[in-house]
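Nothing in this text is a laboratory measurement; each read-out follows from the coordinates by a stated rule. This is a predicted model, so every value here is computed, not measured. With ideal geometry, Cβ positions are generated from the backbone for all residues, glycine too; neighbour counts draw on all protein chains shown.
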Amino acid sequence: MGQKVNPVGFRTGIMTGWKSRWYASKREFADLLVEDQKIRRFIKGRKDRGGKPMYPAVAKVEIERTRDEVKVTLFSARPGVLIGRKGERVEELQAELQARTGRRINIKIEELNRPEVVAQLVAEDVAEQLQRRSGFRRTMKRALEQTMEAGAKGIKIQLAGRLGGAEMARREKQIAGSIPLSTLRAKVDYGFTEAKIAQGHIGVQVWINQGMYSEDEIDGADAKTGQAPKKPKRTYKR
């Protein structure tokens, strides 16, 4: 089962929290969920005139809702680019999101100190290299080395598509270190993106083992309180 389950979804609610944190009635829930997805797609998909992402190196977007406003937190390795000169880029993004959603938006930016061990950023870096017509095996090997040097316990990269311009699509993967599939205590990050090349799209999947969760990082319910009381062992008389 561990091979087929998204590691993030596997741990959500147990070891990690949700990326969208709000409560809504049945009537509003679907519309707000679609609105969250539109916000994320707009931030990740916005391009400038040169075709480059306007908000680069965004690993994840967390959304919290209150009655008055929507709080959007961007986790980025390059916060200075997102903020812009005197915060003009943030204000521009805030105004555009408010116009699209019709709600008051409050944007917060968090810096990622080690982007080399964030799976989504590694996947996007590999995809960018592939779009520049770099050799896929060399790109994968370099990403493995950089991530392991940054202190990761393990990494797996898998590419799928017409690799090297081949006629038939196939999969290639490279692994370094250990990637536990079913250990919930293991902090396994997952990232996915697509590289758009002349021959078609190439899917890029990255798994990174960042070590074990500490007790402070666990966002799920305390497992000890939910444990059933242990019954004393039965004694058998001979």
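Take the Cα gyration tensor of segment 115-212, multiply each eigenvalue by 5, square-root it, and list the three semi-axes largest first, rounded to whole angstrom.
24, 13, 11
What does the net charge come to around residue 52 if you take all other residues with beta carbon closer than 11 Å to its beta carbon, with K and R at +1 and D and E at -1?
So the surrounding residues net to +1.
Would you mind calculating the relative contact order of the chain from Cα pairs under 8 angstrom and at least 6 residues apart, reporting the percent as a whole number?
The normalised contact order for the chain reaches 20 percent.
Once every DSSP H run of n ≥ 4 in the chain is given -39500 (n - 2.57) and the sum is divided by its residues, what mean residue ellipticity at 222 nm do you get, rounded to the nearest 500 deg cm²/dmol?
Here the helix-only value at 222 nm equals -9000 deg cm²/dmol.
What is segment 115-212's relative contact order, in percent, from Cα pairs under 8 angstrom and six or more apart in sequence?
36 percent
Sorting check: for 72-85, 109-122, which peptide has the highest mean count of neighbouring beta carbons within 10 Å, and how do the rest follow?
My ranking of the peptides, most packed first, is 109-122, 72-85.
From zero outward in steps of 10 Å, how is the percent of C-alpha pairs of the chain spread across the bins?
7, 26, 30, 24, 9, 3, 2, 1, 0
About its Cα centre, how strong a charge dipole does segment 66-204 have in debye, to the nearest 20, once Lys and Arg get +1 and Asp and Glu get -1 at the Cβ? Could you put the intermediate results ahead of the total?
On the way: 26 positive and 18 negative charges, 66 e Å.
With only Lys, Arg, Asp and Glu charged at Cβ, the dipole is about 320 debye.
In what sequence do 136, 10 fall when counting other Cβ within 10 Å, fewest first?
Ranked by crowding around the Cβ, least crowded first: 10, 136.
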